[in-house]
């Protein structure tokens, strides 16, 4: 599939913003760790934010959700629901991304923390998967509908600044083996594996008289400072929104995008005590410290670019399906995962039986940890076993992914469904024909896309269970992404 | 020793590593025959590092032994076996009048070396010295005598300055360190409220000097932005330390020993503390030293060029820096310090790796062959702030892993972005603010982005900033934010202590291919030099042409660079364990520590040090010396400028040793 459109605008730019609360009304397991978590503390509201840009010929939308991923079972019904609610958006490119908060609900039918069997045998005190999906689809659709209905003439401007937020989270030992997280204060530590990108790309929207109405903020860091909390939370995006709304007014819309950050997180490896001390002296939590840096970068950018705001930007969009080869798997990979799968399935089934036999156990604190961990681990290894089988039948087995790209003036947004390692984004940014390229990861739910150097070194994020697509697929993705951007550029230049 | 004082030095039985028991005792006049036997066994090389050749020792023994036994201003110990034979001596003596200028010596019989005998007799000597004798013990150790280095430093000796030992009958002139140990007899110093002293001066050359930083030389064509040196002294009576930062590309080898010797003479009180002297690595400073010479020997004189002799510039900088360290000492006022950390995106990694695994410094990465940026970036800004007693900011030490080289090709003297940073900080905090820049480990960093270049340039244009000002603005904001946060924590009573380590680091192993490549390059460059020399001989008027020196200076510098490979290869052929001795200085101020190295140190090493340092913040200070690139292991796999033989006298093995030695030093400072 390939759709494309370009134009010279015939009418003024219309800008519409909408937002909606997507905090589940009833308990849903929180996604982001191998074990599930049920909320134990009051939620910090999760939200979805939508921006529509419409110049009469081209309409396009950006949607950001405080979710861990744009889960596979959720995306098709959401896109259908949006088109049903706003038929004018049919055949328009809509990029839907997750902020990758690790404190939001899962939306995964029966392949998530609880299997269909678990739901059958245990009276689980959680929303049914379909109900979660329906609720969030309804809410996001409401945000998009509101954005459509609220469209007003306006202007856009773009800019770039820096904030130290995302930190590389993989380290390599003196033997060349990599690990995600952990203590690097050991003689075996050699180096931090990859790079860090502290760019903050901003697209700002204004009323015709240059009152700021919203900002799209793109940075290479997932929203997971408090990734182990037992409550719903957008993590650092909550404080970022609050600070920006304090500065620019409560009606400001803030749309967060996570750039390529598969190997990034908001967690430093060194100077940890020194950073914590500065936060303590400033009366800040780590989240607030990050939000402060981020909000300042955005405020500085806005102050700089506002005079450049235009109501006549080129708008264009292209989406294409990229076919990426499955990651190569060895017999040993498959054998290892098969053994793990069997063990975790046995553990999972035993746990289901134990809980089914004694429902009183569900009153115990965090009764679900063992079950959800076993289930998720089994899911993780099942992926390897299934992919290996597929590769045996077809050594060229591949997966199709839709890449979406939107041009706004001199800049472009480019989405991908992965937790994309940063190196890929640098390759794309360096070769992109656009002044700024906003890479948007997790516009989907496809797991890590690791680099060659990371794959050689292994470790979580760069081993077969983590990586349905490997670095060869990453190379293909990079080439396809650049082709897409070049095409987008050529159609308007 | 006089008889009544001999109670301070009673004999002691000790056990050597091989199990032998010996006695360490004071020398006696009747030890003469056995002493002569001992001296006869001294090796020539041990004699070089001691009082003289075996023959000299034997000849002088009849006079030396009775004097050593009876001199009231001397303690002389010997190692005596149970059969009466003597296997070593160690001694110190001092001037009667003021107990100053003590001398020291040690010599061990070859058959007892490697058994711990040297350490045992030295330890006993120090034990006695801590209760008897002068308050300070001095010695000299020759640079090649690395075993002695280790022993003396482990016993608490610290180098005061480097000097040349004059040639003797048995040995040529050789470099040596003058070392000192404060003995237990020294009066205890009481910790008092902190005194802080600052001073700064201009070190811009008064006449043209070549600008280093590129292979080709540059002579100034535009008015200078003043190059400066800044000094900070911290003194709480119990300890004192000093920092000096210079707008130079490095602390050139000819400058440092001269400077340290003159500082020791001008401010003797600083002898007990470390002094960290660093360069900001501006590529628009001025050059000094033969190794950095841009012209062949005699060229300047032959054509009567208006270029200052780099030795003269060296002397000028030394005088200027000595004047500010003296002023900083004299200006000390009661004050406070505080420390903190913030972030500013300044240094960017400047090496990229191709899909074939080859690394390159700089260049265009907007190509399909680009795989990734090789290493890491560190946007920490470490800050030490000083205040007067009413908490008014008086100065800042700003440590950032980025060399000062935005406009690194300019033909004028300039501190580069530190010029703008100083101006912005002074606008914020007052014209009297002192700003001391330090470059943290940044061998693979530069203030130059690989991507988003147009977007960054546009933001700078919209802000009416040039790239230097943009960097300075970010840096200034980080400093201002940190100061606002930490001022309430300022203390007049920080722990101040210092230490140093002198350690040999192995030379990077060179292959035949390395040296052959280097020879080819050096030969070709020598030919270019010859052709250039002929060209000027035929037409001396050429020296009046604009930038007449570009080709000859490039050929000269590059020849030196490749010839370094040839020299090191030959050195390794003679001695596979050839090494370079490196001095690491460390200064503790409260919860933070500064630790220096002489290299353009790749960032990975600093992360290793910071991660394992016991201090809250560790300010790694690179180019506190004349060193060049010290590449990481991963970067040498990719090669390229900065990470291949001509760039790397010391390689990744030496780099890891530097890390370990640095951490040992930091641990010792922390546990003091």
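The values are calculated or read from the model by the stated rules, or taken from the named source; none is laboratory data. Quick caveat: nothing in here was measured; it's all calculated off a predicted structure. Cβ coordinates were reconstructed from backbone atoms using ideal geometry, including for glycine residues, and neighbour counts include every protein chain displayed.
Does segment A:149-168 hold any residues that are more than 9 Å from chain B (Cβ to nearest Cβ) and touching a helix residue (DSSP H, G or I) at 6+ places or on another chain (Cβ under 7 Å), and which are they?
Passing the criteria: A:157, A:165.
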Requested in this report: Can you give me the number of residues within segment A:169-200 that are closer than 27 Å to residue B:474 by Cα and within 11 Å of chain B (Cβ to nearest Cβ)?
Outcome: 10
Report summary line: Screening A:261, A:274 for residues that are within 28 Å of residue B:614 (Cβ to Cβ) and either within 14 Å of chain B (Cβ to nearest Cβ) or in contact with a strand residue (DSSP E or B) (Cβ under 9 Å, 6 or more places away or on another chain) (or both) leaves only A:274
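To keep it simple, each residue is scored yes or no on (1) more than 11 Å from chain A (Cβ to nearest Cβ); (2) closer than 30 Å to residue B:331 by Cα.
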position	(1), (2)
B:440	yes, yes
B:456	no, no
B:466	yes, no
B:501	yes, yes
B:507	yes, no
B:511	yes, no
Query raised in the report: Any residue in segment B:327-344 that is in contact (Cβ under 8 Å) with a residue 40 or more places away in the chain, closer than 21 Å to residue A:199 by Cα and more than 10 Å from chain A (Cβ to nearest Cβ)?
Result: no
Query - Residues satisfying the stated conditions in segment B:366-404, i.e. without any contact (Cβ under 8 Å) to a residue 40 or more places away in the chain, within 13 Å of chain A (Cβ to nearest Cβ) and within 30 Å of residue B:429 (Cβ to Cβ) - result: B:379
Query raised in the report: Could you list, in sequence order, the residues of segment A:288-305 that are over 23 Å from the mean Cα position of the chain (by Cα) and either without any contact (Cβ under 8 Å) to a residue 60 or more places away in the chain or part of a loop (DSSP other than H, G, I, E, B) (or both)?
Result: A:299, A:303
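Of the residues A:400, A:416, which single one is surrounded by fewer than 14 Cβ atoms within 10 Å (Cβ to Cβ) and either in contact with a helix residue (DSSP H, G or I) (Cβ under 8 Å, 6 or more places away or on another chain) or under 30 Å from residue A:317 (Cα atoms) (or both)?
On the way: A:416 fails: surrounded by fewer than 14 Cβ atoms within 10 Å (Cβ to Cβ).
The match here is A:400.
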Query raised in the report: Of the residues A:315, A:252, A:329, which is in contact (Cβ under 8 Å) with a residue 60 or more places away in the chain and either in contact with a helix residue (DSSP H, G or I) (Cβ under 9 Å, 6 or more places away or on another chain) or outside the structural domain of residue A:197 (by TED's automatic domain parsing) (or both)?
Result: A:329
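For every residue, the table says whether it meets (1) closer than 27 Å to residue B:396 by Cβ; (2) out of contact with any strand residue (DSSP E or B) (no Cβ under 7 Å at 6 or more places or on another chain); (3) at pLDDT below 95; (4) surrounded by fewer than 21 Cβ atoms within 10 Å (Cβ to Cβ).
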site	(1), (2), (3), (4)
B:590	yes, no, no, yes
B:598	yes, no, no, no
B:609	yes, no, no, no
B:637	no, yes, no, yes
Query raised in the report: Would a scan of segment A:131-141 turn up a residue that is touching a residue at least 12 places away in the same chain (Cβ under 8 Å), in contact with a strand residue (DSSP E or B) (Cβ under 8 Å, 6 or more places away or on another chain) and either part of a strand (DSSP E or B) or within 11 Å of chain B (Cβ to nearest Cβ) (or both)?
Result: no
Report summary line: Condition set touching a strand residue (DSSP E or B) at 6+ places or on another chain (Cβ under 7 Å) and in a helix (DSSP H, G or I), scope segment B:140-196, selection surrounded by the fewest Cβ atoms within 10 Å (Cβ to Cβ): answer is B:146
Query - residue A:11 part of a strand (DSSP E or B) and not assigned by TED's automatic domain parsing to the domain that holds residue A:371 - result: no
Report summary line: When restricted to A:427, A:382, A:456, the only residue surrounded by fewer than 24 Cβ atoms within 10 Å (Cβ to Cβ), within 14 Å of chain B (Cβ to nearest Cβ), in contact (Cβ under 8 Å) with a residue 24 or more places away in the chain and part of a helix (DSSP H, G or I) is A:456
Query raised in the report: Would you call residue B:210 buried (at least 20 other Cβ atoms within 10 Å of the Cβ) and assigned by TED's automatic domain parsing to the domain that holds residue B:104?
Result: no
Query raised in the report: Somewhere in segment B:416-423, is a residue free of Cβ contacts under 8 Å to residues at least 12 places away in the same chain, more than 14 Å from every other protein chain (Cβ to nearest Cβ) and either surrounded by fewer than 23 Cβ atoms within 10 Å (Cβ to Cβ) or within 21 Å of residue B:225 (Cα to Cα) (or both)?
Result: no
Report task. Confirm whether residue A:225 is modelled with pLDDT of 95 or more, part of a loop (DSSP other than H, G, I, E, B) and more than 14 Å from chain B (Cβ to nearest Cβ). Result -> yes
Report task. Identify, from the list B:68, B:61, the residue that is crowded, with 17+ Cβ neighbours inside 10 Å and under 25 Å from residue B:167 (Cβ atoms). Result -> B:61
Query raised in the report: Where residues in segment B:349-360 are more than 10 Å from every other protein chain (Cβ to nearest Cβ) and surrounded by fewer than 19 Cβ atoms within 10 Å (Cβ to Cβ), which of them is farthest from residue B:242 (Cα to Cα)?
Result: B:356
Query raised in the report: How many residues are in a loop (DSSP other than H, G, I, E, B) and either under 27 Å from residue A:206 (Cα atoms) or out of contact with any helix residue (DSSP H, G or I) (no Cβ under 8 Å at 6 or more places or on another chain) (or both) when one looks only at segment A:261-287?
Result: 2
Report task. Could you tell me which residue of segment A:201-215 is surrounded by the most Cβ atoms within 10 Å (Cβ to Cβ), considering only residues that are more than 11 Å from every other protein chain (Cβ to nearest Cβ) and part of a strand (DSSP E or B)? Result -> A:203
Query raised in the report: Any idea how many residues of segment B:99-137 are in a loop (DSSP other than H, G, I, E, B) and surrounded by fewer than 20 Cβ atoms within 10 Å (Cβ to Cβ)?
Result: 11
Report summary line: Within segment B:475-499, of all residues that are within 12 Å of another protein chain (Cβ to nearest Cβ) and out of contact with any strand residue (DSSP E or B) (no Cβ under 7 Å at 6 or more places or on another chain), the one farthest from residue A:277 (Cα to Cα) is B:477
Query raised in the report: In segment B:544-569, how many residues are closer than 17 Å to residue B:648 by Cβ and without any contact (Cβ under 8 Å) to a residue 60 or more places away in the chain?
Result: 4
**Report entry** Matching residues in segment A:432-453 - criterion: being part of a strand (DSSP E or B) and more than 12 Å from every other protein chain (Cβ to nearest Cβ)
**Finding:** A:440, A:448, A:449
Report summary line: Of the residues in segment B:562-619, those that are away from every other protein chain (no Cβ under 11 Å) and assigned to a helix (DSSP H, G or I) number 13
